[in-house]
Every structure is written in C-alpha cells, then in structure tokens.
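See structure below.
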Amino acid sequence: MLNSLQYLNFSEHMIEAIKFALRYDPSPNPRVGAVLVDKNNKIKKITAHKEKDKDHAEYNLFKNSDISENDTLYVTLEPCFHDDTSPSCANAVLETNVQNIVVGDIDRDERTNGKGIELLKNNDLNVSIENGINDFLNPGYKITNDKPYLIGKVATSADHIIYNENKRYITNKNSLEITHYLRATVDSVIIGKNTLKIDNPKLNVRLDYEYKNPQPVVMWGNDTRELKKYSSSFNNFIFYVENDEDSFSSFLERHSIKNGLVEGGNSILSYFLNEDMIDEFYYFKSSDSLESGLKIDKTIEQYISNNFNSIQEYPIIDNLLTTYTNK
Ligand SMILES: NC(=O)c1ccc[n+]([C@@H]2O[C@H](COP(=O)([O-])OP(=O)(O)OC[C@H]3O[C@@H](n4cnc5c(N)ncnc54)[C@H](OP(=O)(O)O)[C@@H]3O)[C@@H](O)[C@H]2O)c1
C-alpha cells in the first residue's frame, strides 16, 4: 500500500528510515534513520540513532552486517564528518564495501556541512541527495534564533471552508496521515480555545506505530472562567493564558518545547502569522465544496501569498497540498 509520505515525493526507503527514526528520541541530537538495501531493492537492515550518547545510525547499521558493494545505503542526514558520540560516520562508511549512498539532507552542523559528502565523493562513492528528508524529520534543525520553530497547517474545502458541522475531516485520509506524521515530528500541537471547545480534539499521533505524542497546547486568551473545567477534562493539555506569561515563546521554553504544529483556527493562525512566528506552512485543499460553514479568513491567504515562498504543490489524490516557507 502507498504510504502517504510518498505523496511528498519521499522515496520508499527514505520513508522507512523516517518511520524508524521517529521511534527514538536522541535529542539534543537530530533523529537519524538508516536503511541498507540490496541490489534487488530489498531492505537488509534498518536502524536509527536511538539515544543520546549512543552510536549514530550508520554505526548501528554497520555492526554485524554483511555489506556488499552492490548494496545502497539510505541515510536521512549527511554522515557526520566530525567525531561525535560515534567517531566520524563518513569515515565509517569508507571502511565498508558501500559504494552507493543516498543522503537525506546536507547537515547544517558546521563541523560537517557538506564535508562528509565531499569525503565520500573524493573516495569515488556514488552519492546522491534526496532533499527535504531531515528537514521533515527534525523541524527547525540547527536553525538558531530565539524563537520556537512553528509549522502552520490548515485544511480547507474547495470553497474555502475550514469547519462544517457535518464533516469532521475536510481532507482525505492520506492528507490526514501526513498531518499525523507531522505531529510525530514535533514537540507540541497548538490550537485555539474555540477549536478545543468545538472539535473536542485528541491531538495525538494515530499511525501504524505508537509514536510519542506531542504536547497539546491551547491558546486560551485571558478569560479564565471556564479554564478549570476544560483543563480538568483535557488534563494532558497545557493552557496558555496570555496575561499570566511574559510571552508565548517563554511559555514554550518553560515547558521544554522547541517546535510545534499550529493547527489553526482563524484566530490563532492570524495571530502567529502577524507576529511572524510561522516558519513553514502546510496548506491542504480538498476538491470538494461544502457550501456552508466557517470560511478561512481571507487575510490569512493574502498574508501567506505575500510573505511566504511557495515551495511545492503535491497532488494527494483529490486534495492538493501546497507547502510554503517564510520569506
Ligand atoms: N480546517 C482546519 O484546518 C481547522 C483547524 C483548526 C480549527 N478549525 C476550526 O476553526 C474554528 C475555530 O477557529 P477560531 O478562529 O474561531 O478560534 P481558535 O483559533 O480555535 O481560538 C480562538 C481563541 O484563541 C484565543 N487566542 C487567540 N490568540 C491568542 C493569543 N495570542 N494568546 C492567547 N489566546 C489566544 C482567543 O481567546 P479569547 O477570545 O478568550 O481571547 C481566541 O478567541 C473551529 O470551528 C475549528 O473547527 C479548522
């Protein structure tokens, strides 16, 4: 069956590497997955960087493995040039028979930043790059400013509706599955108070493996009259009350949250966009019209088209996903 991540043009083996890497939390290191494939395109071994201070994915992969020169190594991030918790992975690759390697993204860590790939190429290995894999797996990786890294997301019908009481999900099941993968990559999912009350959401990850759930965060405004009632019903959620905090960024920092998926609601999407806090955006559009319901605020669409670069359009059967990054 087609995994929904294939609609993002990720290759089959990189998807397996992503799915495996998502099972582990090696933070503060990035999640990295690696897959070894034989000449018939069959997976021989799959592994990941599992824990802080433990072996990198490539080392785990090479341990007790029978590697042939016809195999291909897929790794979600450029093999490190530098020694870290494992010695240099690029050097470790050279000590094996591997001749073919597909790399997810160039490592932004300046100790590696292209040097791992250069070393492999200088030793006549066939190296190709499949862009966007590490950026998907580790949102905001090595982007150092003092802000949390936030991904905006919205789903609309063909006639711009974001809520209709008779249709809980506006987009198709593959679009939904992509959203669940996005949830699996981030520390938090952020919604507004009205979305909590109207949708009664779980905000967890529902996929074929039990990944760690992100922390649900509710933007609660300042009216605390019903806060107790909702915070006890949604007791694993945390609630941001504007007047009680210095800023949303410091609130997230206090909860050790570095990144998040903002699942708006007009009100909170407008807030985060106007504050220039959204780094990338996933806009899912269905081809069905709903005819009635709450429409997306026109200023949100205008804001995105003026201030974001459209990266790519992905047809997802009868849906269209457009991804954007902040200019
Ligand atoms: N299709 C989709 O992708 C999608 C996704 C999510 C939600 N929705 C739909 O969107 C609708 C809700 O949208 P909405 O615009 O009415 O409401 P919302 O965005 O869910 O929540 C709005 C409330 O959040 C609070 N808030 C906003 N900015 C804040 C800030 N900076 N700090 C603290 N609190 C803040 C405010 O509370 P106060 O008013 O008390 O200040 C505001 O009224 C629902 O029908 C839901 O189903 C659709």
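Just so you know, all these numbers are worked out from the coordinates, no wet-lab data involved. Remember, it's a predicted structure, so these values are computed and weren't measured experimentally. In this analysis, Cβ positions are derived from the backbone assuming ideal geometry, glycine residues included, and neighbour counts consider all displayed protein chains.
Out of the range 222-321, which GluC sites (Glu not before Pro) are coil in DSSP terms and have no more than 14 other C-beta atoms within 10 Å? Filter output for the range 222-321: E226, E245, E275, E291. Only beta bridges with both residues in the chain are counted; by DSSP, about 45 percent of them are antiparallel.
Name the shape class, rounded, prolate or oblate, that the alpha-carbon gyration tensor gives for the range 87-192, where a ≥ b ≥ c are the square roots of its eigenvalues, rounded holds for a/c under 1.5, and otherwise prolate holds if a/b is larger than b/c and oblate otherwise. The shape class here is prolate. Pairs of lysine residues in the range 4-137 that meet both criteria, 8 or more places apart or on different chains and Cα atoms under 14 Å apart, total 5. Restriction of the GluC sites (Glu not before Pro) in the range 90-125 to DSSP coil positions whose beta-carbon has at most 11 other beta-carbons within 10 angstrom yields E95, E110. Compactness of the range 52-136 is given as radius of gyration and Dmax, 11.8, 32 Å, from Cα positions. Result for the chain in a Gaussian network model with C-alpha springs under 10 Å: among L36, L119, L196, the largest mean-square fluctuation is at L119.
Hull volume per residue, based on the alpha-carbon atoms of the chain and their convex hull, is 142 Å³.
Taken along the Cα-to-beta-carbon direction at a fixed 7 Å, the label points for K212 and T325 span 2.5 nm. Would you work out if the range 140-212 is rounded, prolate or oblate? Take a ≥ b ≥ c from the square roots of the eigenvalues of the alpha-carbon gyration tensor; rounded if a/c is under 1.5, else prolate when a/b is larger than b/c, oblate otherwise. It is prolate, given that a/c is not under 1.5 and a/b is the larger ratio.
Quick check: from the Cα gyration tensor, does the range 149-326 come out rounded (a/c under 1.5), prolate or oblate?
Rounded, since a/c falls under 1.5.
Computed with the Debye formula from one identical point scatterer per Cα of the range 1-151, without solvent, the log10 of I(q)/I(0) at q = 0.11, 0.12, 0.13 Å⁻¹ comes to -0.38, -0.45, -0.53. Every helix of 4 or more DSSP H residues in the chain counts as -39500 (n - 2.57), and over all residues that averages to -7000 deg cm²/dmol at 222 nm.
Charge dipole (Cα centre; +1 on Lys/Arg Cβ, -1 on Asp/Glu Cβ; no other charges) of the chain amounts to roughly 860 debye. Applying both filters, DSSP loop and at most 12 other Cβ atoms within 10 Å, to the chymotrypsin sites (Phe, Trp or Tyr not before Pro) of the range 72-178 gives Y169. Roughly what percent of Cα-Cα pairs across the range 216-265 reach past 15 Å? Summing the P(r) of the range 216-265 above 15 Å gives 48 percent of all pairs. Inter-label distance, I317 to I198: 2.5 nm, where each label sits 7 Å from its Cα along the C-beta direction. Quick one: go through the range 210-232 and flag any residue whose amide nitrogen is under 13 Å from the point 7 Å out along the Cα-to-Cβ line of S256. Counting backbone N atoms under 13 Å from the label point, the list is 215. Working from label points 7 Å from Cα in the Cα-to-Cβ sense, the N243 to N70 distance is 7.2 nm. Listed by chain and number, the aspartates and glutamates placed with their C-alpha closer than 15 angstrom to that of K258 are D25, D135, D146, D187, D279, E280; residues fewer than eight positions away on the same chain are left out. The lysines whose alpha-carbon is closer than 26 Å to the alpha-carbon of K295, local same-chain residues fewer than 8 away aside, are K153, K167, K173, K193, K197, K202, K285, K327.
Remark: relative contact order (the chain) = 16 percent; criterion is Cα-Cα distance under 8 angstrom and separation of 6 or more residues.
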